[in-house]
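Undergrad: Encoded as structure tokens, here's the structure I'll be asking about.
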Amino acid sequence: MAARPRPTADEAREALREAMARLAAGDQSALEDIYRATRVKLFGITLRILGDQKEAEDALQDVYVNLWQRADRYDPTRASPIAWLAAFARNRAIDRLRTGKVRGGAVPVEEAAPLADESPLADMLLVDAEQAAQIHKCLGALDARTQGHIRAAFFEGHTYAELADAADVPLGTMKSWIRRGLQRLRACLEASEAA
Amino acid sequence: MSTTGATPKNEITRDDPMIAAEWALGLLEGEELLAARGKAATDPDFAWRKQWWDNWFAPLTDAMPGAEPGAQVWDGIAARIAAQQPAIGAADDASPPTNVIALEARVRRWQWVAGLASAAAAALALFAFAPGRSPVEAPAPIAAAAPMPKPLVATVPIGETGLRLDVTYIPESEQMLVAAIGLTADGVHDHELWLVPADGGALQSLGVVVPGEVRSMALPAAATAKLGDGASLVLTREPIGGKPAGANAGPVVAKGAFTRV
């Protein structure tokens, strides 16, 4: 973990892409490079979902050990490395949450909504800006309530049942709200892809 | 945009892309989550759609503040990887026969015990081979003094063909014995075995199955940790060599679940 000059965002992305390719080719030293470049972002994710330092660190370990075991699962034609790793880390954290060992969702639902103002750590690798703008645009087109619930699911890892409880509505109602939102979201995102 | 009232009149169709979205968001739990995982292992369109959602949602993580993990995290990763090195190596070079023999001996030993206790048919089936295969000698009666770890056994029938996979895992051995009975190589496909953890964790490849042979397969620690009652297995048909990097898994040809004998 030697200190090194801070690369630009593009250089960092390119270095990560290259490290992922080396890892897939069986070069173990690539894993340390990937860890160095992504740990801050990925730990931010597992910590956010799990709300517990120890659990989040365990989840983070799982992410990288898993990555090393199955580096071939990453398909560079489908996603940028950081987008894929971010989703991977969040999925692992959610898995852990669902095994029931963790209390999870450290942050109340009400605080979940707009997080855009929170500034990430300076050396955090971000997902592609264009892609980010589009999902924010499509989410922003949903009504505020639906958007809030979808965000709460994403940021806190809440289930339908938890969201329904928090909003004090029947489970079926919450499912309908969110599914309708997801349907619109899909249409909006697909339209952006077609454009 | 305030028309999303309490009682939905036009109910949303919960099609596969919708379920993939729910999964990607993390809304699914229990049976539904398991079903989604299983489907993703067998349905390339569904797996594609899940990744599509994952990828679109990924930029939202930029709003999660970054955090520096403890220095011991990397040490832990390095240690776990170092610990798995020999196991991975063994899996790669088609498993040394001595290893198989040693494991078979252990299996026979518990099998005798289990046979006395419960006449577990699934366990005995391990030794029933298709005609033409050199049969493994019948289990010799061995008095088992020390209690053996209870093995997990899964029988994976392949359609109506009478072919099957018998999979035995002895806890703490980090080895699994796989007998692909009646399965023959067609020269075009391999069959890859996948673990579907009972806790809903990610599917894990257990490697390519060798037709018509009993093989020991080394298990990565991450896989053994997920093995347990209720963990299930799926067998997919893949190109020679197993699922190519970046490709979706092939069609599922068989499924089975582990039970403790």
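The values are calculated or read from the model by the stated rules, or taken from the named source; none is laboratory data. All values reported here derive from a predicted model rather than from experimental measurement. We place every Cβ from the backbone using ideal geometry, glycine too, and count neighbours over all the protein chains shown.
Undergrad: Those residues that are touching a Phe, Trp or Tyr at 6+ places or on another chain (Cβ under 8 Å), aromatic (Phe, Trp, Tyr) and over 12 Å from B:ALA245 (Cα atoms), I need them from the range A:63-78; list them, please.
TA: A:TYR64
Undergrad: Residues A:ALA141, A:ALA161, A:ALA191: which one is under 16 Å from B:TRP53 (Cβ atoms) and surrounded by fewer than 20 Cβ atoms within 10 Å (Cβ to Cβ)?
TA: A:ALA191
Undergrad: For the list (1) touching a His at 6+ places or on another chain (Cβ under 8 Å); (2) modelled with pLDDT of 75 or more; (3) hydrophobic (A, V, I, L, M, F, W, C), I need the number of the one condition that B:ALA180 fails.
TA: Status for B:ALA180: all satisfied but (2).
Undergrad: Of the residues that make up the range A:65-82, is at least one facing another protein chain (nearest Cβ under 7 Å), part of a loop (DSSP other than H, G, I, E, B) and surrounded by 19 or more Cβ atoms within 10 Å (Cβ to Cβ)?
TA: yes
Undergrad: How many residues does the range B:229-261 contain that are within 14 Å of chain A (Cβ to nearest Cβ), more than 11 Å from the chain's Cα centre (by Cα) and farther than 30 Å from A:ALA21 by Cα?
TA: 1
Undergrad: Criterion first (in contact with a Ser or Thr (Cβ under 9 Å, 6 or more places away or on another chain) and at the interface with another protein chain (Cβ under 7 Å from one of its Cβ atoms)) does A:ALA87 satisfy it?
TA: yes
Rundown of residues vs (1) facing another protein chain (nearest Cβ under 7 Å); (2) within 19 Å of A:ALA87 (Cβ to Cβ), yes/no style:
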position: A:ALA132; (1), (2): yes, yes
position: A:LEU182; (1), (2): yes, yes
position: A:ALA187; (1), (2): no, no
position: A:GLU193; (1), (2): no, yes
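Undergrad: Which ones in the range A:39-59 are buried (at least 22 other Cβ atoms within 10 Å of the Cβ), in contact with a Phe, Trp or Tyr (Cβ under 9 Å, 6 or more places away or on another chain) and either at the interface with chain B (Cβ under 7 Å from one of its Cβ atoms) or β-branched (Val, Ile, Thr) (or both)?
TA: A:ARG39, A:ARG48, A:ILE49
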